[in-house]
Every structure is written in C-alpha cells, then in structure tokens.
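K.L.:
Below is one structure. I have some questions about it.
All of the numbers you see were taken from the coordinates with simple rules; none came from a lab. It should be emphasised that the depicted structure is a prediction, and the values quoted were computed from it without experimental measurement. Cβ atoms come from the backbone with ideal geometry, glycine included; neighbour counts cover every protein chain shown.
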Amino acid sequence: MMAGGVSACMVLATSAWAAGHGAMAQMPAADAPVSTAVTASDCWIRQLPAPAPSGGFLVLHNAGTQAVNLVGARSSDYGQVMIHQTKEENGVSKMSMVHQVALPAGGQLALKPGSYHLMLEQARSGLKVGDQAQVDFALDNGQRVTAQCEVRPANAMPGMAGHGMKHGMKH
C-alpha cells in the first residue's frame, strides 16, 4: 500500500515538473516549412556533466518585414529543449522558462548567457565536446529555423571558437 502511494506521488510530482519545464511548449513540426526570412548563426552549447542541463546560445536574424515570435525548440540530441530567461530581481539572478520571445522585423535576437538562452536536458548518450547538435526552432507563423550547434566544454565562454583552446594563443 505504501509503495503505491509513493508511486502516485512520484507520478504527480513528475507531471508537475514536466508541465513547468516545457512539456507544453510548442515544438517545430518536422514538416513545417523552413523560414526564408529568419536564420540562425553562432550556435553553441555549453555542455555540463549529466544530470545537469546544458545551456544553448545563438543569434537569430530576421531579414523579413514582419516580426515573429520564437515559440519552441527541440533537438534529436536532447530529450528536452526549453527557452529560458535569466533576470535579476533584488540582487538575485533567477531563471524561468518563457513561452515566446519576440524577434523584430529587420532585427536580431541574441540568446546568450545571463539573458534568453536554451536549457537542454537529457543529452543523448555519446554526445561530446566537438560534436554538432541540430536544434530546430518553432516560429509563431508556422515556420521553423534549424541551427547546427557546436558542443563546447563547461568552461566555454561566448566568442570562443572551436573548443575554446589554443586558437591564436601562444603557450
């Protein structure tokens, strides 16, 4: 009897966690048309040791005349991808999931540390630093954008090329 009660509590807790962590986020349909106006560049993922989630960063560019909203993301390399925002409130940095982020016409949106970013959980087995992970983004106009993201080490910082090692540095 006790085990059944514990199992029911686990199911409820897991369901509540999933609902609060993107289970209902809009995912890009595999057959959704690729946007001709919105593109992605400079995508990279800061890989952290499991079970910690990894962070994803990139720049989205909207060359179109209409604003669009980023409304979801997914990757076959991760079990779950969410859009998060870091805000500072009363001197404390807080992170929360967001359901959409505006991408202005003729503008860009930078997903970067300390701001909007991707939270990637449950990396596929074997994914390692130096690999490329594909991330598909859903837009509110029914289109999608695909980015190839370089997997970088936990100590990687924005603007570091490759694995964040050597590149132009003398030792």
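K.L.:
Could you tally the net charge around residue 85, taking each other residue with its Cβ under 13 Å from the Cβ of residue 85, Lys/Arg +1 and Asp/Glu -1? Write down the numbers at each step before the final one.
P.N.:
Values: positive: 87, 94, 112; negative: 88, 89.
Result for the local shell: +1.
K.L.:
Take the Cα pairs of the stretch 49-171, get the Kirkwood Rh, then feed it into Stokes-Einstein at 20 °C and 1.002 mPa s and tell me D in µm²/s. Write out the running numbers ahead of the final one.
P.N.:
Working: Rh = 15.6 Å.
This corresponds to a translational diffusion coefficient of 137 µm²/s.
K.L.:
Calculate one ³J(HN,Hα) per residue across the stretch 91-108 by plugging θ = phi - 60° into the Karplus curve 6.51 cos²θ - 1.76 cosθ + 1.60, and present them in order as whole Hz with x for glycine and proline.
P.N.:
So the Karplus estimates, Gly and Pro as x, are x, 10, 7, 10, 10, 8, 6, 10, 9, 7, 9, 6, 10, x, 4, x, x, 9 Hz.
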